[in-house]
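Read through the structure below, which is laid out as structure tokens, and then see the notes.
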Amino acid sequence: NRSDRPRLLVGGSPSSSGTVETEISKTRIVGGEDARFGKWPWQASLQMGALGHVCGASVISNRWLVSAAHCFLDSDSLRYEEMTLFQSICSLITLQITLNNLQRIIVHPQYDQSVSDYDIALLEMETPVLFSELVQPICLPSTSRVFLYGTVCYVTGWGAIKENSHLAKTLQEARVRMINQSVCNKLYDDLITSRMLCAGNLNGGVDACQGDSGGPLACTGRSNRWYLAGIVSWGEGCARRNRPGVYTKVTALYDWIRHNTN
Ligand code: ARG
């Protein structure tokens, strides 16, 4: 049931992943495996018209999703050389989403495209989603929550399975570990700000990739709840040695999220 309209698929069920069939030369989770049906019920796919799947997102309440700012302003599949062109395409995309499933897209006002700082966007849905076994929100970690280095977390998405490959047909999940901030900052020549965190495996082989952007890095806390620790943001290539995935650090932006979503 593919229409040419942008829509949001939540729950990560096989039926929704089955509609992600557009092949664009972007990347998906590398080194992961097929996710079990219903295992990641906050995972959403953000789709735009003929492009199909462009980014991931996470359900945080019955009206709000969290994604990455770069999904809306400089998605890899849409490169804008001129500002005029950029704005017209940008408003067109916004309009299409607004007309269908999204009422509002709030990109962080401090989002810096050149260094991917504050890479976060909030998406308000037109109508609230009904929670079910397959559609559930993920908890937001508050400012004080710390995910210690070495903590095991999971990144999920329909992005490429290796660099420059096609999108995954089934939702992928990969087990990654939190990486020390200063170690990561050295590996990336001081590009890691306090709104970013790194996760992956320094030996390479496991990572998010193009098309996973905006999607969740989920970690369990005490009481076995899942928390949204990070948002897939960037990385040099995918799953390369000493080039871990970089994520938007949700705890650093908790107040902004709370303030904008009440
Ligand atoms: N920017 C990419 C996207 O738009 C995601 C990059 C994540 N890369 C990584 N190596 N972890 O989908």
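Since every read-out is calculated from the coordinates, none of them should be taken as a lab result. Quick caveat, the model's predicted, so the values are computed rather than measured. For neighbour counting, all protein chains shown are included, and Cβ atoms are generated from backbone atoms with ideal geometry for every residue, glycine included.
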Of the convex hull drawn through the C-alpha atoms of the stretch 137-262, the volume per residue in Å³ is 109
Order by neighbour count: Val146, Val232, Val183, Val246, fewest other Cβ atoms within 10 Å first, most last.
Val146, Val183, Val246, Val232
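Express in nm, to one decimal, how much length is gained between Ala252 and Leu191 on full extension, taking 0.36 nm for each residue of separation and deducting their alpha carbon distance.
Stretched fully, the Ala252-Leu191 segment lengthens by 20.3 nm.
Ranked by Cβ crowding within 10 angstrom, fewest neighbours first, how are Ser45, Ser142, Ser61, Ser114 ordered? Can you show the working numbers first?
Values: Ser45 27, Ser142 12, Ser61 16, Ser114 6.
Final ranking by Cβ density, sparse to dense: Ser114, Ser142, Ser61, Ser45.
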What's the extension gain from Gln181 to Gln103 if we count 0.36 nm per residue and subtract their Cα-Cα distance?
24.5 nm
Thr127 paired with Glu163, simple spin-label distance in nm, labels 7 Å along Cα-to-beta-carbon
4.5
Around Arg104: net Lys/Arg minus Asp/Glu count, Cβ-Cβ under 15 Å
-1
